[in-house]
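Novice: I'd like to ask some things about the structure below.
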Amino acid sequence: MPKLAAAPDRVNDFVVKFANVNGTGSASANSLIMKTIFRMGVPVTGKNYFPSNIQGLPTWYEIRVTRQGYAARAGRVDIMVAMNAETYAKDVREVASGGYLIYDATWPRSALLQRGDITVIGVPLAKMVNENFDGVRNRILLKNIAYAGLLAALLNLDLEVIDGLMRQNYGKKPKLLDSNTKALRLGYDYAKEHLSCPLPLRVEHMDKTRGHIMIDGNTAAGLGCVYAGATVGAWYPITPSTSLMDAFKGFCERYRVDSATGTRNYAVIQAEDELAAIGMVLGASWNGARAFTPTSGPGISLMNEFVGLAYYAEVPCVIFDVQRVGPSTGMPTRTQQSDIMLCAYASHGDTRHVLLFPANPEECFYMAVQAFDLAERLQTPVFVLSDLDIGMNDWMCRDLKWDDAYRPDRGKMLSAEELAGLDKFYRYVDRDDDAIPYRTLPGVNPKGAYFTRGSGHNQYGGYTEDSAEYQVVLDRLKRKFANAVKYVPRAELTGKGDNEIGILSVGSCDGAVREAIDALERQKLHLDYLRVRAFPFGSEVEKFLSSHKRIFVVEQNRDAQLRSLLTLETAVEKSKLKSILSYSGFPMSCEPIVDGIRAALAEEPRLSAVTTKSTR
């Protein structure tokens with residue numbers, strides 16, 4: 001039995017990280033641990049750090065057990081399950097003082113014993129599995145389940161919950177169920193016989209996951225597209241957005257197939273590239289379908305030409321940008337928020353686009369629906385800017401609500417009867433003085449025909465190179481974007497709004513910001529927080545910017561793109577904005593926010609985050 005380093009009891013508040021080799025089937029075992037903790041009523045998050053190749057390189061999976069329900073990466077590792085010999089040295093360094101490192105002791109690893117401030121637990125996992133199972137691949141897979149059993153004993157996980165999950169996963173395959181159950185018991189029984197169980201870091205039942213699910217953002221967005229009435233999806237596969245289309249296709253196969261005839265009431269098209277994909281989406285939308293494409297930064301770069309066409313010809317469409325690290329190919333399996341400026345002004349010429357910023361998978365679901373409604377109401381492209389952290393990682397979210405009364409907002413679309421009553425239809429005339437013209441669908445009525453063009457056109461839909469006619473259309477498009485603020489989601493304020501110091505952020509930074517605020521509150525530092533949920537920015541953003549002496553803008557890119565957009569699109573004094581940036585490719589933790597704010601306030605003693613303006 002290993003000698004344990006002194007460690008205080010920490011129940012439902014620790015981080016377990018698994019170091020594996022990509023392609024060895026470890027995901028099932030790691031997910032089993034996470035889901036067990038969730039079903040024990042304890043809030044949990046799972047973050048996957050994987051390479052962009054298919055097999056062979058290191059991969060890590062991090063489970064944060066958090067009774068407070070924090071969603072951000074913790075920034076520390078308490079228990080490292082080191083199953084990859086190539087990364088042992090790195091994995092040992094990452095364990096926090098007082099933590100634990102578990103490794104396969106089938107082969108001696110004396111270098112692991114060099115840290116005296118952690119407990120190293122060696123378990124002969126490969127030896128146990130090799131003695132009980134046949135087949136090389138089978139042994140590799142079942143070793144993962146064996147370490148899951150080991151952790152079940154060490155962390156005090158409920159075996160009944162694990163058994164239920166195993167039956168759910170393998171119930172229809174008795175041989176698989178038997179072998180996985182046996183491997184689980186090998187690890188569990190070894191720990192009970194040879195180790196002190198449970199560890200001071202352990203799990204106890206709570207009741208904080210009722211009314212919640214575990215889901216990733218791409219799955220939630222795919223379901224949201226179905227709920228919104230989307231019937232056409234075109235895409236070119238690209239990490240990290242491909243699973244969004246996979247999810248959409250899977251949901252359509254369940255809900256969009258006519259039970260009587262077997263007819264598929266949807267189309268999923270894999271294009272030859274991203275430019276072709278957005279072209280297909282525009283064609284489907286022009287014909288009246290709700291259509292979308294999921295992609296990432298490199299795909300947005302390729303789509304720019306057709307995005308400009310959609311903006312100028314006023315063809316609705318929805319684009320999901322699951323952001324990753326750039327520039328160029330960058331790091332495809334790392335997260336970032338580096339497409340904000342790219343999407344806000346996509347294409348050449350004067351363009352501005354509606355952006356939605358979900359903070360978690362729950363909002364991916366609801367904002368998918370809002371995106372389609374906005375695109376058709378405003379007759380314009382709408383971007384939903386998720387990122388790899390939201391899109392591909394496991395989040396605990398509230399149950400998604402499906403409202404059977406929901407009906408899509410198709411915007412100003414003239415029917416055959418309405419067209420018949422018109423003397424003449426002009427596509428781009430602003431009849432209602434709201435900068436949004438009426439549109440028609442092909443084949444509804446001959447009176448509704450017009451030539452859709454990306455070249456210069458006047459408000460009547462005719463070709464023009466007349467400067468005045470051109471400017472009438474372009475100025476109306478500018479007014480339409482300004483009016484979009486009436487329809488997009490408003491920014492969300494946390495706090496009373498009466499502190500001198502504020503934080504402004506966007507998207508997946510939200511979890512880290514909220515945890516940082518809690519940490520600063522414990523240090524008697526009080527701040528207001530505004531989470532921007534859409535562009536164009538509403539009056540509530542202008543109010544927040546004007547009413548605070550110092551605003552920390554938190555985002556995940558190098559060049560402070562959100563801060564740049566704020567200075568371009570609001571009246572804020574640039575010197576009031578202080579950037580806190582994270583662009584390592586890993587999800588943001590609260591530490592750089594706490595440290596950045598404390599350092600800045602130490603340099604500016606005239607500012608106070610301790611007392612509010614009303615009490616000064």
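The values are calculated or read from the model by the stated rules, or taken from the named source; none is laboratory data. Since the structure is predicted, the reported quantities are computational estimates derived from the model, not experimental observations. Backbone-built Cβ (ideal geometry, glycine too); neighbour counts: all protein chains shown. Quick note on the areas: whole protein, heavy atoms, side chains included, nothing else; ligands and nucleic acids left out. Shrake-Rupley method; radii C 1.70, N 1.55, O 1.52, S 1.80 Å.
Novice: Any chance you could get the radius of gyration and Dmax over the Cα atoms of segment 474-616, in Å?
Specialist: Cα-based Rg and Dmax for segment 474-616 come out at 15.3, 52 Å.
Novice: Rounded to a whole number, what % of the accessible area of segment 416-486 do carbon and sulfur atoms account for, probe 1.4 Å? Show your work: numbers first, answer last.
Specialist: Working: 2000 of 4030 Å².
After summing per-atom areas, the C and S share lands at 50 percent.
Novice: For I269, which sequence-distant residues (separation of 5 or more, or a different chain) have an amide H within less than 5 Å of its own amide H, given hydrogens modelled in the peptide plane?
Specialist: Those lying under 5 Å, H to H, from I269 are G233, A234, W235.
Novice: Once the convex hull of the alpha carbons of segment 67-223 is built, what does its volume come to per residue, in cubic angstrom?
Specialist: Details: hull volume 26.2 nm³, N = 157.
Looking at segment 67-223, the number lands at 167 Å³ per residue.
Novice: What accessible area, in Å² to the nearest ten, does a 1.4 Å probe give for K574?
Specialist: So the heavy atoms of K574 present about 130 Å² to solvent.
Novice: Under a plain spin-label model, where a point goes 7 Å from the Cα along Cα-to-Cβ, how far apart in nm are L422 and R479?
Specialist: Using points 7 Å along Cα→Cβ, the separation is 1.8 nm.
Novice: Taking the Cα atoms only, what angle lies between the long axis of helix 26-39 and the longest principal axis of the chain, rounded to 10 degrees?
Specialist: Helix 26-39 sits roughly 90 degrees off the main axis of the chain.
Novice: Now for a different question. What area, in nm² and to one decimal, does the C-alpha convex hull of the chain cast on average over all directions?
Specialist: Numbers: hull surface 128.2 nm².
Averaged projected hull area, Cα only: 32.0 nm².
Novice: Leaving out same-chain residues fewer than 8 places away, which aspartates and glutamates sit with a Cα under 15 Å from that of K424?
Specialist: Leaving aside aspartates and glutamates fewer than 8 places away in the same chain, none come within reach of K424.
Novice: How big is segment 298-346 in terms of Cα radius of gyration and Dmax, in angstroms?
Specialist: 11.7, 35
Novice: Further, regarding this structure: Any idea what diffusion coefficient segment 215-398 gets from Stokes-Einstein, in µm²/s, Kirkwood Rh on alpha carbon pairs, 20 °C, 1.002 mPa s?
Specialist: Details: Rh = 15.8 Å.
Stokes-Einstein gives a translational diffusion coefficient of 135 µm²/s.
Novice: Which ³J(HN,Hα) values in Hz, rounded to whole numbers, follow from the phi angles of segment 61-77 under the Karplus curve 6.51 cos²θ - 1.76 cosθ + 1.60, where θ = phi - 60° and Gly and Pro get x?
Specialist: My calculation for segment 61-77 gives 10, 10, 10, 9, 8, 9, 4, 7, x, 5, 9, 7, 5, 7, x, 8, 10 Hz in order.
Novice: Moving on to the next point. Is the shape of segment 416-486 rounded, prolate or oblate, going by the alpha carbon gyration tensor and its root eigenvalues a ≥ b ≥ c, with a/c under 1.5 for rounded and a/b larger than b/c for prolate? Could you put the intermediate results ahead of the total?
Specialist: Values: a/c = 2.20, a/b = 1.32, b/c = 1.66.
Verdict is oblate for segment 416-486.
Novice: Which of the three applies to segment 65-150, rounded, prolate or oblate, going by the alpha-carbon gyration tensor with a ≥ b ≥ c and a/c under 1.5 meaning rounded? Numbers along the way, then the final one.
Specialist: On the way: a/c = 2.50, a/b = 1.45, b/c = 1.73.
Note, shape of segment 65-150 comes out oblate.
Novice: Once you order the gyration tensor axes a ≥ b ≥ c over the Cα atoms, which shape class does segment 322-417 get: rounded for a/c under 1.5, otherwise prolate or oblate by comparing a/b with b/c? Write down the numbers at each step before the final one.
Specialist: Values: a/c = 3.54, a/b = 1.25, b/c = 2.82.
Cα axes put segment 322-417 in the oblate bin.
Novice: Mind jotting down the distance between the C-alpha centroids of segment 209-276 and segment 461-499, whole Å?
Specialist: Centre-to-centre (Cα) distance: 30 Å.
Novice: Using only C-alpha atoms and all pairs of different ones, pull out the Kirkwood radius for segment 509-562 in Å with one decimal. Don't skip to the end; give the middle numbers.
Specialist: Working: mean 1/r = 0.0791 Å⁻¹.
Every distinct Cα pair counted, the radius reaches 12.6 Å.
Novice: Can you tell me the dipole magnitude for segment 129-188 around its Cα centre, using point charges on the Cβ only (Lys, Arg +1; Asp, Glu -1), in Debye to the nearest 20? Could you put the intermediate results ahead of the total?
Specialist: Numbers: 9 positive and 6 negative charges, 61 e Å.
That gives segment 129-188 a dipole magnitude of about 300 debye.
Novice: Give the ranking of W286, W60 by solvent-accessible surface, highest area first, calculated with a 1.4 Å probe.
Specialist: On the way: W286 95, W60 30 Å².
Accessible-area ranking of W286, W60, largest first: W286, W60.
Novice: Now for a different question. Check F552: other-chain or 5+ apart residues with amide H under 5 Å from its amide H, H built from backbone geometry?
Specialist: Distant-sequence amide H within range of F552: G502, I503, L504, K578.
Novice: Calculate the all-directions average of the projected area of segment 256-362's alpha-carbon convex hull, and give it in nm². Intermediate results must be reported in sequence, preceding the final value.
Specialist: Working: hull surface 34.1 nm².
With the hull built on Cα positions only, its mean projection is 8.5 nm².
Novice: Could you list which residues have their amide H under 5 Å from that of C317, counting only those 5 or more apart in sequence or on another chain, with H placed in the peptide plane?
Specialist: So C317 has HN proximity to T380, V382.
Novice: Work out how much length D350 to K172 would gain on full extension: take 0.36 nm times their residue separation and subtract the Cα-Cα distance, in nm to one decimal. Show your work: numbers first, answer last.
Specialist: Working: separation 178, 0.36 × 178 = 64.08 nm, distance 5.77 nm.
The D350-K172 span can extend by a further 58.3 nm.
Novice: Now for a different question. Heavy atoms of the protein only, probe of 1.4 Å, neighbouring chains included. What is the accessible area of F14 in Å², nearest 10?
Specialist: 0 Å²
Novice: On to the next question. Which length gain, in nm to one decimal place, applies between R558 and K249 when the Cα-Cα distance is subtracted from 0.36 nm times their residue separation?
Specialist: Here the segment from R558 to K249 would lengthen by 107.7 nm.
Novice: I would also like to ask the following. Once you put a point 7 Å from the Cα of Y470 and another 7 Å from the Cα of Q270, both along the Cβ direction, what distance in nm separates them?
Specialist: 4.2 nm
Novice: A follow-up question, please. Quick one: which of 548-558, 62-72, 430-440 comes out on top by average Cβ neighbours within 10 Å, and what's the full order, highest first?
Specialist: 548-558, 62-72, 430-440
Novice: Straight-line reach from K576: which lysines fall under 29 Å, measuring Cα to Cα and dropping same-chain residues less than 8 apart?
Specialist: Output for K576: K478, K486, K496, K524, K543, K549, K613.
Novice: Let me ask another. If each of V136 and R522 carries a label point 7 Å out from its Cα toward its Cβ, how far apart are those two points in nm?
Specialist: Those two pseudo-labels are separated by 4.9 nm.
Novice: So what's the angle, to the nearest 10 degrees on a 0 to 90 scale, between helix 510-522 and the longest Cα principal axis of the chain?
Specialist: Around 60 degrees separate the two axes.
Novice: Here's another thing I want to ask about it. Label 7 Å along Cα→Cβ of K543; segment 367-382 residues with amide nitrogen under 18 Å?
Specialist: none
Novice: Still on this model: With a cut-off of 8 Å between alpha carbons and a minimum separation of six or more residues, what is the relative contact order of segment 215-398 in percent?
Specialist: On the way: 413 pairs, mean separation 53.7, N = 184.
Taking the mean separation of contacting Cα pairs over the length of segment 215-398, I get 29 percent.
Novice: Over the chain, average the accessible area per residue using a 1.4 Å probe and give it in Å², no decimals. Can you show the working numbers first?
Specialist: Values: 25780 Å² over 616 residues.
Here the residues of the chain average 42 Å² of exposed surface.
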